[in-house]
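> Please find one structure pasted underneath; my questions will follow.
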Amino acid sequence: MSQTKVIAKSIFYNRIIFFLSIIGFFIAIYVLQSFLRGSSIICVNSGCEIVRKSSSSYPFGIPVPAFGLLGYAFLILLSFVRTTATNKNFIYGQLGIATFGILFLGWFTYTEIFVIKAICTWCAISAVNMAIIFVLALLTARREIFNK
Amino acid sequence: MKLSGESKLFIGILLATVAIIAGAVFFMSQPEKTLSRSDLLPSDTYTKGNKNASSYLVEFSDFQCPACGTFKPLVDGIITKYKDKLLFGYRHFPLYNTHPFAEKAALAAEAAGRQGKFWEMYEYLFENQQKFSDEVIMEGATVLKLDKEKFDKDINDPKLKDKINRDVAAGNSLGVNATPTFFLNGKKLNISSFDDLENSVKAEINK
């Protein structure tokens, strides 16, 4: 593939990552404010409430959506920085956060299913969202770094 | 610093998203309207307390829901404490998917209600919530000395099922998405601790 095409693809992927990170960021804000205020979460079933009230949703005493908020905030920042700088470390950074993101969400989805025994719709949406970001970050890293 | 076209696009996306979300939050956070008493307390709802009281508390509940069982002593305490100033109504919101005996329990309570023992069955069901089975629920009729034949007939009466379904439909349209959900004087309560419920009732009664 020509260098121009690689760059075009990478720009396109970065736009999607940016947009999805914004979506994830706002989902995290919404869920986090419910966690902190103890108010009910609008959900398609009763799963969100069960998950919110479970102690498993507070690893190290920190509400789970706080991790999401931080992760998505970094992803937004990094994808924005990539529009002005070409340093490949930013791509590594995105990939690193997205990797942590899917590992974290993988662990949390497991906890939801097997420990809490309820599924929170917003977490599931966030998990899919993060998985897409991870794939895009991986493709970008592969294309840019290995020029494939 | 001069921004690239791509950076400007990103800022545009960000601003547009923030604007859309801010608009959505603004429209969704309009003050909740107060629901009418007749919507929340249809005439055939089982109630406790003072029927003429100006304050009324309605609970959407599920006999198999552990949280409802935990709230029960608290609700009982509130009903006793404010019996002259409050009317309490129990409405069904069985969570069919997660609680296999919730509907049967609701039917049992309604069938007992036809023999004037709804609240006795309410006590029995919450007491035995942990060991629910068809037998345990049906056994309630014997324990409460109900006319067993009538109870068996009533529990299968489609009219009772209709009443429960109507409660569920009402709950869904009123924004009930978990049990227990409480409405105090037409307003949905957001409860985060046990104290919240009594404090809300107290504040409303002392208004």
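> Can you pull out every residue in the stretch B:157-177 that is in contact (Cβ under 8 Å) with a residue 24 or more places away in the chain and outside any helix (DSSP H, G or I)?
B:ASP157, B:LEU174, B:VAL176
> Identify all residues within the stretch A:62-83 that are within 14 Å of another protein chain (Cβ to nearest Cβ) and touching a Leu at 6+ places or on another chain (Cβ under 7 Å); write none if there are none.
Across the stretch A:62-83, the qualifying residue is only A:PRO63.
> To continue, here is another question. Given (1) in a loop (DSSP other than H, G, I, E, B); (2) in contact (Cβ under 8 Å) with a residue 12 or more places away in the chain, identify the lone condition not met by B:ALA108.
That leaves (1) as the condition not met.
> Please go through (1) among the hydrophobic types (A, V, I, L, M, F, W, C); (2) more than 14 Å from chain A (Cβ to nearest Cβ); (3) assigned to a helix (DSSP H, G or I) for B:LEU146 and return the number of the only condition it doesn't satisfy.
(3)
> Specify which of the listed residues (B:ALA67, B:ALA106) is under 15 Å from the mean Cα position of the chain (by Cα), buried (at least 18 other Cβ atoms within 10 Å of the Cβ) and among the hydrophobic types (A, V, I, L, M, F, W, C).
The unique qualifying residue is B:ALA106.
> For the stretch A:71-95, how many residues meet the condition of being small (Gly, Ala, Ser) and either surrounded by fewer than 15 Cβ atoms within 10 Å (Cβ to Cβ) or not in a helix (DSSP H, G or I) (or both)?
1
> A:TYR13: in contact (Cβ under 8 Å) with a residue 60 or more places away in the chain, within 16 Å of A:ALA131 (Cα to Cα) and aromatic (Phe, Trp, Tyr), yes or no?
Answer is yes for this residue.
> Same structure again: Any residue that is more than 27 Å from B:ASN128 (Cβ to Cβ), at pLDDT 90 or above and either more than 14 Å from chain A (Cβ to nearest Cβ) or exposed (fewer than 12 other Cβ atoms within 10 Å of the Cβ) (or both) - is there at least one of those in the stretch B:24-37?
There is no residue in the stretch B:24-37 that is more than 27 Å from B:ASN128 (Cβ to Cβ), at pLDDT 90 or above and either more than 14 Å from chain A (Cβ to nearest Cβ) or exposed (fewer than 12 other Cβ atoms within 10 Å of the Cβ) (or both).
> To continue, here is another question. Select, from A:ALA28, A:ALA98, the only residue that is within 14 Å of chain B (Cβ to nearest Cβ) and modelled with pLDDT of 90 or more.
Only one candidate qualifies: A:ALA28.
> Moving on to the next point. Within 19 Å of A:GLU112 (Cα to Cα), in a helix (DSSP H, G or I), touching a residue at least 12 places away in the same chain (Cβ under 8 Å) and more than 13 Å from chain B (Cβ to nearest Cβ): which single residue out of A:SER34, A:SER56 fits that description?
Answer to the check: A:SER56.
> Return the residues of the stretch A:37-49 that are facing chain B (nearest Cβ under 8 Å), part of a helix (DSSP H, G or I) and crowded, with 17+ Cβ neighbours inside 10 Å; say none if nothing qualifies.
A:GLU49
> Considering only the stretch B:111-143, how many residues are assigned to a loop (DSSP other than H, G, I, E, B) and under 18 Å from the mean Cα position of the chain (by Cα)?
Within the stretch B:111-143, residues that are assigned to a loop (DSSP other than H, G, I, E, B) and under 18 Å from the mean Cα position of the chain (by Cα) number 0.
> Look at A:SER55 and say whether it is under 30 Å from B:LEU95 (Cβ atoms), surrounded by fewer than 21 Cβ atoms within 10 Å (Cβ to Cβ) and of a type in the set (Ser, Thr, Tyr).
yes
> Could I ask something else about it? Being modelled with pLDDT under 85 and touching a Phe, Trp or Tyr at 6+ places or on another chain (Cβ under 9 Å) is true for just one of A:ILE41, A:ILE23. Which residue is that?
A:ILE41
> Looking for something surrounded by fewer than 16 Cβ atoms within 10 Å (Cβ to Cβ) and either small (Gly, Ala, Ser) or assigned to a helix (DSSP H, G or I) (or both) - is there at least one such residue anywhere in the stretch B:81-103?
Yes, there is a match, as at least one residue in the stretch B:81-103 is surrounded by fewer than 16 Cβ atoms within 10 Å (Cβ to Cβ) and either small (Gly, Ala, Ser) or assigned to a helix (DSSP H, G or I) (or both).
> What number goes with the only condition from (1) farther than 30 Å from A:SER46 by Cβ; (2) within 12 Å of chain A (Cβ to nearest Cβ) that B:LYS51 does not pass?
(2)
The values are calculated or read from the model by the stated rules, or taken from the named source; none is laboratory data. Owing to the predicted nature of the structure, the values given are computational and were not obtained by experimental measurement. No Cβ is skipped: glycine too gets one built from the backbone with ideal geometry, and neighbour counts run over all protein chains shown.
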